[in-house]
Every structure is written in structure tokens, then in C-alpha cells.
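Engineer: Have a look at the structure that comes next, please.
The values are calculated or read from the model by the stated rules, or taken from the named source; none is laboratory data. Fair warning: this is a prediction, and the values are worked out from it, not measured in the lab. For neighbour counting, all protein chains shown are included, and Cβ atoms are generated from backbone atoms with ideal geometry for every residue, glycine included. Surface areas here come from the heavy atoms of the whole protein model, side chains and all, with no ligands, DNA or RNA. Shrake-Rupley method; radii C 1.70, N 1.55, O 1.52, S 1.80 Å.
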Amino acid sequence: MDYIELKNFKLRYFILFAIGIFIASFTLLFITDIPASEEWITFFVSVSCLMYLMHQTKKWNFTYNEQPVQTTMTKGRWAKYLSITACFQLITVVFTTILLTILYLVFEEHIRELFSFFPMMDLEEVRPSLLVYILFFINICILAPIYEEILFRGILLRRFTLRWSPQKSIIISSIIFGIIHLNPINVVFAFALGCVLGYVYLKTKNIVIPMLLHSFNNFLAYIQFVYTNQTTEIDLPTTEAARQELLINVAFFFILTAVIIFLLVKYYKNFRQLKNPAPKLEEQTDIETV
């Protein structure tokens with residue numbers, strides 16, 4: 001496929017379409033008062049975006065796989081990519097926990113006063129239903145990895161390489177990818193994850209691989225979501241316990257940071273060696289080292 005064909009995709013139309021679907025879904029579900037409305041909105045928007053991308057793909061005859069998975073991936077490469085992806089997700093969780101613990105220690109007195117007004121809070125009433133768990137899994141582990149990878153790696157990243165170097169294209173597409181996650185913490189780590197997924201896609205030339213890595217990353221987030229919602233009661237930690245938890249998480253944060261830096265430095269040379277235009281499938285006879 002000639003990457004010049006990707007210019008037929010108009011990002012502004014896609015954004016307007018997504019906004020329109022979001023408004024329509026929100027309005028419809030608000031009027032009908034359907035259970036798990038937030039997850040249903042996400043589901044409708046995700047399905048609609050995926051259908052729009054599939055329509056554009058068929059209309060302009062886009063292709064996203066230039067090499068089959070089995071010829072471009074080895075067990076060692078899978079292990080490396082999955083390790084980096086897992087580290088980014090874990091460090092996001094640890095960093096968020098550190099921030100929440102610091103806030104708790106700073107405002108502990110006020111937090112305890114606030115919770116004193118709700119001594120008999122029943123978490124069973126606010127715990128997510130089975131429907132929420134199912135929809136949340138479908139949204140973040142299946143739909144999001146598919147349509148986000150098609151959009152950000154399959155279309156935007158390759159389109160950017162028509163104008164910029166692969167390295168600059170990865171960074172710019174990852175910045176956009178990070179911004180759409182809105183949450184300030186998620187923006188930073190989504191940007192980092194986007195860089196990894198962008199590199200993986202240009203290296204392997206197969207969109208299925210970043211889709212699977214993206215899904216794996218989101219599945220780890222899903223496990224955290226399920227775990228944190230299994231608590232049956234609110235038990236505020238003592239000051240000493242919070243401080244100990246903070247120290248443990250800070251230590252874990254530095255360990256993960258060291259691992260990530262080690263991996264990034266180790267493979268930085270490979271990142272710098274990415275070139276445009278990408279070689280044709282028939283020219284790729286051997287699997288390159290990561």
C-alpha cells in the first residue's frame with residue numbers, strides 16, 4: 001500500500017463524527033435512564049468509531065499488515081514488548097498510589113472528619129454491577145485497542161511518516177494519543193505507551209501486534225479496577241501505615257523506573273535506526289533483532 005493514500009482520511013471529520021456520536025449517546029441514555037449508562041456511552045462511541053474507521057478502510061482500500069505475525073515476531077521479542085508494556089502499566093498504578101497517599105497524609109485530618117459523617121456507608125450500594133464489569137472489559141480490552149491502534153498507528157502514524165522521520169512521527173502521534181486520555185497522569189503514561197506501540201508497529205509492520213500489546217496493557221488496568229472494587233468496607237489507614245505504604249511504593253516506583261530506563265536505553269539504537277520508507281514485504285527475509 002502506498003502511504004500517500006492515507007491522506008484521503010480526514011481527521012477533522014472523524015473528530016466531528018465522534019463528538020456527534022458522544023452527544024447523541026449521552027442524550028439518549030440520559031433520557032432513557034439505562035443502568036450502567038457511562039459504560040454504555042463508551043460502548044456506543046467505541047463501536048461507532050470502529051465502524052467509521054472500517055468504512056474508511058474499505059472506501060480507500062487501506063491495509064495495515066505488511067508482514068504476517070509469525071514471520072516478524074519471536075518469543076524473545078514478545079517477552080520484551082510485553083515486559084515494557086507491563087512496566088508502563090505498573091508504574092502508572094504505583095505513581096497514582098503515591099500521589100493519593102501523599103494527599104491522604106497532607107489532608108488526613110480533614111479526610112477523617114469527612115468520613116466521620118458517613119460511618120455506616122454501605123459499599124455494596126455503590127459497587128459496580130456485573131453489567132458494568134462486562135461492558136468495561138469489552139470497552140477497554142477489546143474495542144479500544146482495535147480502533148485506537150487503527151487510528152493512531154495504522155493511519156495517523158504512517159501518514160505522519162510521509163512528512164516527518166519515523167521518530168518524530170511516533171512522538172507526534174503519541175502526544176495526540178496521550179491527550180485524548182484527558183486524565184493528567186494517564187496523558188503522560190499514555191504518551192510513553194504510544195511511543196512503544198508506534199515503534200512496535202513500524203518495526204513489525206503488523207497492526208495486530210500493537211493491538212495485542214494495547215489490550216494486554218488495558219487488561220492489567222481492568223484487573224486493578226476489579227480488585228479495587230472488591231473492598232467491602234472503607235478502612236482508613238493510620239498515619240504510620242500510610243507512611244510505610246508510601247515508602248514501599250516509592251521504592252517500587254524507582255525500581256520500575258530503573259527497569260524502564262534500562263530497556264529504553266538498550267533499544268534506543270534500534271529506535272534511531274528506523275527509516276522511511278518502510279521496506280516491502282519481499283525484502284524482509286530475516287527477522288531483525290529488536
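Engineer: If we scan the stretch 221-239, do we find a residue that is in a helix (DSSP H, G or I), over 17 Å from Ser169 (Cα atoms), touching a residue at least 60 places away in the same chain (Cβ under 8 Å) and open to solvent by less than 20 Å² (accessible area, probe 1.4 Å)?
Structural biologist: Within the stretch 221-239, none of the residues are in a helix (DSSP H, G or I), over 17 Å from Ser169 (Cα atoms), touching a residue at least 60 places away in the same chain (Cβ under 8 Å) and open to solvent by less than 20 Å² (accessible area, probe 1.4 Å).
Engineer: If you don't mind, there's one more thing I want to ask. Residue check: is Glu5 among the acidic types (Asp, Glu), assigned to a helix (DSSP H, G or I) and either more than 24 Å from the chain's Cα centre (by Cα) or within 19 Å of Gly154 (Cα to Cα) (or both)?
Structural biologist: Working: among the acidic types (Asp, Glu): yes; assigned to a helix (DSSP H, G or I): yes; either more than 24 Å from the chain's Cα centre (by Cα) or within 19 Å of Gly154 (Cα to Cα) (or both): yes.
When the stated conditions are applied, Glu5 passes them.
Engineer: Let me ask you something else. Condition (residue is among the hydroxyl-bearing types (Ser, Thr, Tyr), open to solvent by less than 40 Å² (accessible area, probe 1.4 Å) and more than 30 Å from Tyr52 (Cα to Cα)) applied to the stretch 102-109: is it met by at least one residue?
Structural biologist: Scanning the stretch 102-109 turns up at least one residue that is among the hydroxyl-bearing types (Ser, Thr, Tyr), open to solvent by less than 40 Å² (accessible area, probe 1.4 Å) and more than 30 Å from Tyr52 (Cα to Cα).
Engineer: Is there any pair linking a residue in the stretch 109-124 that is closer than 14 Å to Pro237 by Cα and aliphatic (A, V, I, L, M) to one that is in a loop (DSSP other than H, G, I, E, B) and modelled with pLDDT of 60 or more, with Cβ under 8 Å and at least six apart or on different chains, and which?
Structural biologist: Hits for this filter: Ile111/Leu236.
Engineer: If you don't mind, another one. Could you tell me how many of the residues in the stretch 57-95 are closer than 25 Å to Met1 by Cα and hydrophobic (A, V, I, L, M, F, W, C)?
Structural biologist: Adding up the residues that qualify gives 4.
Engineer: While we're on this one: Regarding Tyr104, is this residue out of contact with any Lys or Arg (no Cβ under 6 Å at 6 or more places or on another chain), among the aromatic types (Phe, Trp, Tyr) and more than 30 Å from Ile207 (Cβ to Cβ)? Before you say what the answer is, go through the steps one by one.
Structural biologist: Details: out of contact with any Lys or Arg (no Cβ under 6 Å at 6 or more places or on another chain): yes; among the aromatic types (Phe, Trp, Tyr): yes; more than 30 Å from Ile207 (Cβ to Cβ): yes.
Against the criterion (out of contact with any Lys or Arg (no Cβ under 6 Å at 6 or more places or on another chain), among the aromatic types (Phe, Trp, Tyr) and more than 30 Å from Ile207 (Cβ to Cβ)), Tyr104 qualifies.
Engineer: Please state which one of Leu182, Leu193, Leu247 is assigned to a helix (DSSP H, G or I) and more than 11 Å from the chain's Cα centre (by Cα). Even if it seems obvious, please write down each step before you answer.
Structural biologist: Details: Leu182 fails: assigned to a helix (DSSP H, G or I); Leu193 fails: more than 11 Å from the chain's Cα centre (by Cα).
Of Leu182, Leu193, Leu247, the one residue that is assigned to a helix (DSSP H, G or I) and more than 11 Å from the chain's Cα centre (by Cα) is Leu247.
Engineer: In addition: Any residue at all in the stretch 200-220 that is in a helix (DSSP H, G or I), without any contact (Cβ under 8 Å) to a residue 24 or more places away in the chain and not small (Gly, Ala, Ser)?
Structural biologist: No, every residue in the stretch 200-220 fails to be in a helix (DSSP H, G or I), without any contact (Cβ under 8 Å) to a residue 24 or more places away in the chain and not small (Gly, Ala, Ser).
Engineer: What residue, of Thr85, Thr92, Thr96, is polar (S, T, N, Q) and touching a His at 6+ places or on another chain (Cβ under 9 Å)?
Structural biologist: On the way: Thr92 fails: touching a His at 6+ places or on another chain (Cβ under 9 Å); Thr96 fails: touching a His at 6+ places or on another chain (Cβ under 9 Å).
Unique residue meeting the criteria: Thr85.
Engineer: On to the next question. Pick from Thr57, Thr63: which is more than 30 Å from Pro128 (Cα to Cα), out of contact with any helix residue (DSSP H, G or I) (no Cβ under 7 Å at 6 or more places or on another chain) and not in a helix (DSSP H, G or I)?
Structural biologist: On the way: Thr57 fails: not in a helix (DSSP H, G or I).
Only one candidate qualifies: Thr63.
Engineer: To continue, here is another question. Restricting to the stretch 32-50, what's the tally of residues that are free of Cβ contacts under 8 Å to residues at least 40 places away in the same chain and touching a helix residue (DSSP H, G or I) at 6+ places or on another chain (Cβ under 9 Å)?
Structural biologist: Selection size over the stretch 32-50: 7.
Engineer: Residues to consider are Thr92, Thr27; find the one that is of a type in the set (S, T, N, Q) and surrounded by fewer than 16 Cβ atoms within 10 Å (Cβ to Cβ).
Structural biologist: Of Thr92, Thr27, the one residue that is of a type in the set (S, T, N, Q) and surrounded by fewer than 16 Cβ atoms within 10 Å (Cβ to Cβ) is Thr27.
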